[in-house]
Amino acid sequence: MPICALMRDLRGMGEGNALAARSRRPAAKALFDTAQAIYRAAFGQPDGRITASYELIFLTGWAPADSQPKPLRPGSASARLAEALGTAELPANDPATPRHD
């Protein structure tokens, strides 16, 4: 059943139903049969596979804490970022020139 394979793939990517108020009861087999028929009609491929697309949204958040490291004073670095990255440093007043590789 392709819809089950799709669900396995989504779960393998760490996706699932994140709604706190979702039903905890297992869904009936008829739900999956109906979903597969609708999905196959809309996104079915000649070889029997179904195409799925998704959007990935990644959010990170934090709150200030006393234990959080404080930023260093500007100009207090002991090494240059350009050296660490192995690149040339451009002066701040020069606009960057786009690369056309």
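The values are calculated or read from the model by the stated rules, or taken from the named source; none is laboratory data. The shown structure was predicted, so the numbers you read here are calculated from the model rather than taken from an experiment. Cβ placement follows ideal geometry from the backbone for every residue including glycine, while neighbour counts extend to all protein chains displayed.
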* To do: Please verify whether the stretch 46-55 includes one or more residues that are surrounded by 10 or more Cβ atoms within 10 Å (Cβ to Cβ), small (Gly, Ala, Ser) and either free of Cβ contacts under 8 Å to residues at least 12 places away in the same chain or in a loop (DSSP other than H, G, I, E, B) (or both).
  => yes
* Asked: So which pairs qualify, if the first residue must be in the stretch 19-37 and at negative phi, the second must be surrounded by 12 or more Cβ atoms within 10 Å (Cβ to Cβ), the Cβ gap must be under 7 Å, and the two must be at least 6 apart or on different chains?
  -> 32/3; 35/3; 36/2; 36/3
* Asked: Within the bounds of the stretch 80-92, is there any residue that is surrounded by 10 or more Cβ atoms within 10 Å (Cβ to Cβ), modelled with pLDDT under 85, part of a loop (DSSP other than H, G, I, E, B) and of a type in the set (Gly, Ala, Ser)?
  -> no
* **Unmet requirement for residue 38, which otherwise passes all of (1) in a loop (DSSP other than H, G, I, E, B); (2) modelled with pLDDT of 90 or more; (3) more than 25 Å from the chain's Cα centre (by Cα); (4) not hydroxyl-bearing (Ser, Thr, Tyr)** => (1)
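So which residues in the stretch 14-51 are aliphatic (A, V, I, L, M) and closer than 11 Å to residue 2 by Cα? Explain how you work it out, then say what you get.
Just the residues of the stretch 14-51 that are aliphatic (A, V, I, L, M), to begin with: 18-21, 27-28, 30-31, 35, 37-38, 41-42, 50.
Correct list: 35, 37, 50.
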* **Residues satisfying the stated conditions in the stretch 1-35, i.e. assigned to a loop (DSSP other than H, G, I, E, B), aliphatic (A, V, I, L, M) and closer than 21 Å to residue 51 by Cα** => 1, 13
